[in-house]
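See below for the structure under consideration.
Just so it is clear, none of the values below were taken in a lab; they were calculated from the coordinates. Note that the structure is a prediction, hence the values are computed from the model and not measured. Note: ideal-geometry Cβ built from the backbone for every residue, glycine included; neighbour counts use all protein chains shown.
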Amino acid sequence: MENDKLLAGDTLHSNEPEMQFMIDSAVPASDDPDMPSLTFRVVVLGTVFTCALAFTNAYYWFRSNPIALGIPVVQLLSLPAGWALAQVLPRRQFRTFGKQWTMNPGTFSIKEHVLISVFANASTSTVYA
């Protein structure tokens with residue numbers, strides 16, 4: 001009954017420092033609060049990938065051998081799509097309800113990439129009826 005002796009915050013993994021090193025090498029410890037996150041590109045690409053994933057998974061769910069697309073597909077396809085939109089969209093400033101915004105705030109960021117994946121995650125599973 002070794003599991004019963006564990007306290008809050010304890011872990012069964014003995015290689016925790018190695019895991020922390022891998023996480024620290026992949027993820028920055030600081031955040032840039034000036035980096036835009038909820039942008040026009042996120043709304044457009046998030047909606048497109050959410051609808052495409054929901055349609056594809058629902059359409060192929062009723063086959064005898066169903067196909068299910070997941071978040072890795074969205075992550076792989078949304079990065080080049082975001083880069084392309086960063087090159088194509090105009091940088092003109094708009095004013096709506098007193099708030100100034102732009103379709104293209106600069107380079108495609110990791111925050112936008114994560115938010116697109118979060119949008120599409122809502123449509124990865126099929127409904128249970």
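What is the Rg over Rh value, at two decimals, for the range 66-128, using alpha-carbon atoms and the Kirkwood definition of Rh?
My calculation of the ratio gives 1.11.
Specify which labelled value, from (i) 34, 27, 14; (ii) 32, 16, 14; (iii) 21, 17, 15, agrees with semi-axes √(5λ) of the Cα gyration tensor in Å derived from the coordinates of the model shown.
The calculated read-out lines up with (i).
Enumerate the calculated ³J(HN,Hα) couplings along the range 82-94 in order (Karplus 6.51 cos²θ - 1.76 cosθ + 1.60, θ = phi - 60°), each rounded to whole Hz, writing x wherever the residue is Gly or Pro.
x, 4, 5, 5, 5, 7, 8, 5, x, 9, 5, 8, 10
Gaussian network model of the chain, Cα springs within a sub-10 Å range: biggest mean-square fluctuation belongs to which of Asn65, Asn104, Asn57?
Between Asn65, Asn104, Asn57, it is Asn65 that shows the largest mean-square fluctuation.
To the nearest 500 deg cm²/dmol, what mean residue ellipticity at 222 nm is calculated for the chain from DSSP H runs of n ≥ 4 alone, each contributing -39,500 (n - 2.57), summed and divided by the residues?
-16000 deg cm²/dmol
Counting chymotrypsin sites (Phe, Trp or Tyr not before Pro) as exposed when in a DSSP loop with at most 13 other beta carbons within 10 Å, what is the longest stretch of the chain free of them?
Here the longest run is 1-60.
Find me the longest stretch of the chain that has none of the exposed trypsin sites (Lys or Arg not before Pro), where exposed means in a DSSP loop (not H, G, I, E or B) with at most 16 other Cβ atoms within 10 Å. Before the final figure, lay out each step's value.
On the way: sites that count: Arg63, Arg91, Arg92.
Result, exposed sites excluded: 1-62.
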